[in-house]
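Please read the structure below before turning to the comments.
The values are calculated or read from the model by the stated rules, or taken from the named source; none is laboratory data. Since the model is a prediction, treat every value here as computed from it, not as a measurement. Ideal geometry is used to build each Cβ from the backbone, glycine not excepted, and the neighbour counts take in all protein chains shown.
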Amino acid sequence: MKKIKLIIKYSLFLLIIVATAAFIFGPKYFDKTKNTTTFTGNVAPNSLLDSIPFIADLHCDALLWDRNLLDHNNYGHVDIPRMQETNMAFQVFTIVSKVPEGINIIKNDANSADQITQLNLLQLNPIKTWFSVKNRALNQCDKLYEFAKKSNGDFRVITNKRELQQFIIDRKQNKKLTAGMLGIEGAHCLENDLNNLDELSKKGVRYIGLAHFFDNEWAGSAHGMVKGGLTEKGKLLIKKMSDLKITIDLAHSSVQTISDVLKIHKGPVLVSHTGIKGICNNQRNLSEEQIIEIGKHNGLIGIGLWETAVCGNDAAATAKNIKYVTNLIGTDKVGLGSDWDGSVKAHFAVTGLPLMVAALQNEGFSKDEIYKIMGGNIRDFFLKNLPE
Ligand SMILES: [Zn+2]
């Protein structure tokens with residue numbers, strides 16, 4: 001009897017040790033192992049980089065992780081000190097709130113177990129985030145404002161035109177200034193209630209991807225079970241997003257969803273992180289017809305910095321996809337949509353941006369065209385389309 005009691009006591013002790021270790025080291029372990037880079041050497045400086053007035057990127061999932069973005073980290077892809085180091089002005093921080101177990105590019109079931117629930121538990125996030133995707137989104141929004149508050153003025157969150165204009169003016173005097181904006185991956189965050197859009201809008205969310213890796217109540221995903229188009233509710237969502245000046249992001253949308261949106265929505269759209277079918281033929285990438293149609297809508301296409309998107313594992317592959325877009329719709333409607341910190345092996349972290357500039361030079365783009373592609377187009381898109 002005494003022996004059994006002793007075994008139970010030691011087992012409990014061991015369990016507590018293991019659980020404590022999991023909570024302390026687990027979140028960092030996942031961040032470190034999921035957000036890696038292909039390029040690991042020293043980045044050669046590029047003389048054009050520092051002259052670029054506004055370097056920007058359309059898509060980064062850094063808020064998902066338990067990482068202090070005010071620290072200069074030696075893992076993960078983005079943080080504010082590394083943005084400053086590389087003359088980067090602006091990053092859209094996108095919110096991931098639900099990821100099906102066994103996630104893949106072909107077909108995912110919305111009802112399969114969700115990996116973000118486990119991550120929220122492991123990160124010891126507020127209980128309200130454990131079972132509500134909307135609360136997860138709101139919590140990630142709050143994290144970005146918290147970073148801004150503690151940044152000593154180095155980082156600010158942009159929510160409207162006026163703030164962006166002011167940021168551009170201020171940054172001319174101080175190149176260490178950085179800014180972020182909030183976006184969402186997947187309208188499932190609305191928890192099937194259109195009224196929740198008001199709350200997310202008030203929090204500063206300025207673009208929403210209609211579907212993420214699975215079909216939802218509003219729209220079909222490129223990786224869903226059915227891959228349908230916009231639902232009747234989805235059409236109401238489009239209308240309300242337009243009224244609130246929240247841009248539609250078509251990244252991850254099914255072919256039918258993209259076609260439905262471009263038919264009924266006359267305003268601009270984004271594809272925040274993607275690649276091009278003509279170079280890299282997979283079901284999430286854009287066809288020639290889609291690119292031309294997005295061009296007609298005065299849209300903006302963000303080209304990814306990871307292998308699945310561009311079929312190559314370096315900046316040259318991304319530059320090639322960019323060239324394909326510019327050949328079809330000119331140099332004003334394309335930018336970077338890295339998917340940094342989105343559980344991808346990126347070509348490089350934010351400090352590798354000189355490699356991107358060099359790759360664009362190798363593709364024959366002029367200095368002015370590189371200024372646009374590296375961020376000028378993203379700046380101009382939001383100057384035009386953010387709420388007043
Ligand atoms: Zn994504």
Requested in this report: Filter the range 148-191 for residues that are in a loop (DSSP other than H, G, I, E, B) and among the basic types (Lys, Arg) and give the result.
Outcome: LYS150, LYS175, LYS176
Report task. Say whether the condition of being at pLDDT 95 or above, outside any loop (DSSP other than H, G, I, E, B) and of a type in the set (Phe, Trp, Tyr) is met by at least one residue in the range 346-354. Result -> no
**Report entry** All positions within the range 182-218 that are of a type in the set (A, V, I, L, M, F, W, C) and within 16 Å of the ligand (Cβ to nearest atom)
**Finding:** LEU182, ILE184, ALA187, CYS189, VAL205, ILE208, LEU210, ALA211, PHE213, PHE214
Report task. Considering each of ILE169, ILE158 in turn, give the residue that is within 24 Å of GLY302 (Cα to Cα) and not acidic (Asp, Glu). Result -> ILE158
Requested in this report: Look at LYS320 and say whether it is buried (at least 17 other Cβ atoms within 10 Å of the Cβ) and of a type outside the set (Gly, Ala, Ser).
Outcome: yes
Report task. Considering only the range 243-288, state which residues are of a type in the set (A, V, I, L, M, F, W, C), assigned to a helix (DSSP H, G or I) and farther than 25 Å from TRP306 by Cα. Result -> LEU244, VAL261, LEU262, ILE264
Requested in this report: Scan the range 120-147 for residues that are touching a Ser or Thr at 6+ places or on another chain (Cβ under 7 Å) and assigned to a helix (DSSP H, G or I) and report the count.
Outcome: 6
Query raised in the report: Residues in the range 126-135: is at least one away from the ligand (no atom under 16 Å from the Cβ), more than 30 Å from GLY228 (Cα to Cα) and either outside the structural domain of VAL310 (by TED's automatic domain parsing) or in contact (Cβ under 8 Å) with a residue 12 or more places away in the chain (or both)?
Result: yes
Query raised in the report: Scanning for something at pLDDT 90 or above, surrounded by 18 or more Cβ atoms within 10 Å (Cβ to Cβ), in a loop (DSSP other than H, G, I, E, B) and of a type in the set (Val, Ile, Thr), does the range 68-84 turn up at least one residue?
Result: yes
Query raised in the report: Can you name the condition, by its number, that GLY295 falls short on among (1) in contact with a Ser or Thr (Cβ under 9 Å, 6 or more places away or on another chain); (2) in a helix (DSSP H, G or I)?
Result: (1)
Requested in this report: Tell me, yes or no, whether the range 315-336 has at least one residue that is aromatic (Phe, Trp, Tyr) and over 21 Å from the mean Cα position of the chain (by Cα).
Outcome: yes
Query raised in the report: Would a scan of the range 301-320 turn up a residue that is outside any helix (DSSP H, G or I), within 16 Å of the ligand (Cβ to nearest atom) and closer than 24 Å to ASN160 by Cβ?
Result: yes
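Residue-by-condition table, conditions (1) away from the ligand (no atom under 16 Å from the Cβ); (2) among the hydrophobic types (A, V, I, L, M, F, W, C); (3) at pLDDT below 90:
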residue: LEU6; (1), (2), (3): yes, yes, yes
residue: LEU15; (1), (2), (3): yes, yes, yes
residue: VAL18; (1), (2), (3): yes, yes, yes
residue: PHE23; (1), (2), (3): yes, yes, yes
residue: PRO27; (1), (2), (3): yes, no, yes
residue: PHE30; (1), (2), (3): yes, yes, yes
residue: ASN46; (1), (2), (3): yes, no, no
residue: VAL96; (1), (2), (3): no, yes, no
Query raised in the report: Regarding ASN108, is this residue within 16 Å of the ligand (Cβ to nearest atom) and either within 21 Å of ASP249 (Cβ to Cβ) or acidic (Asp, Glu) (or both)?
Result: yes
Query raised in the report: Is it the case that ASN282 is touching a Gly at 6+ places or on another chain (Cβ under 8 Å) and surrounded by fewer than 23 Cβ atoms within 10 Å (Cβ to Cβ)?
Result: yes
